[in-house]
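Each reported figure results from applying straightforward, stated rules to the coordinates on display, with no laboratory input. Because the structure is a prediction, the values reported are computed rather than measured. Note: ideal-geometry Cβ built from the backbone for every residue, glycine included; neighbour counts use all protein chains shown.
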Amino acid sequence: LPGCGLILGATILAELSPIARFKSHHQVAMYVGLTRLRYESGQTRTSRRVRLVNRRAKWAFRRLALLNQQRCRRSQAYVVRQLDRGKTPKRARLALARQLVKVALALIKTGQPFNPDRL
C-alpha cells in the first residue's frame, strides 16, 4: 500500500495475526476501534465509541491513513469527497482508515500484492 513501510506493515500483521479469527472487515474495524457500537432500545437510537481496542493496531491504521492520503491520489480524492459531505478532517481520515482496513484484510487473506487499479 502507498505509505505503508516495513515497520508499519509488520505492526499491522503482528497485531492482526492470526487473521483467520476475523470473518469480515467489520470485525477487524471493531477490534481496531475504527467503528462505533450501535445501541437501540425502543425508539432510542444512538452509538458510542468502542473502548476495548487494540491501541497499537489503531495507531498503525491511523498512521497508514495519514501517509496513504499524502501519497495516493485516489485516497486524496476520497478524503475530499468526505469533506464535501460535511465531515471534519479527522472524521474524513478515519473514514479512509476504515477503507484501508478492507484493503489490508483482503491483501493479507489473499496473499496477493497491492494493485492500485483495483481500488
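Taking T35 as the residue in question, decide whether it is among the β-branched types (V, I, T) and under 29 Å from D117 (Cβ atoms).
On the way: among the β-branched types (V, I, T): yes; under 29 Å from D117 (Cβ atoms): yes.
Criteria met by T35.
Being without any contact (Cβ under 8 Å) to a residue 60 or more places away in the chain and within 16 Å of R98 (Cα to Cα) is a property that R62 has. Listed by first and then second residue, the pairs linking a residue in region 69-98 that is touching a residue at least 12 places away in the same chain (Cβ under 8 Å) to a residue that is among the basic types (K, R), with Cβ atoms under 8 Å apart and 6 or more places separating them unless they lie on different chains, are Q69/R93; V79/R93; Q82/R91; R93/R62; L94/R62; A95/K87; A97/R62.
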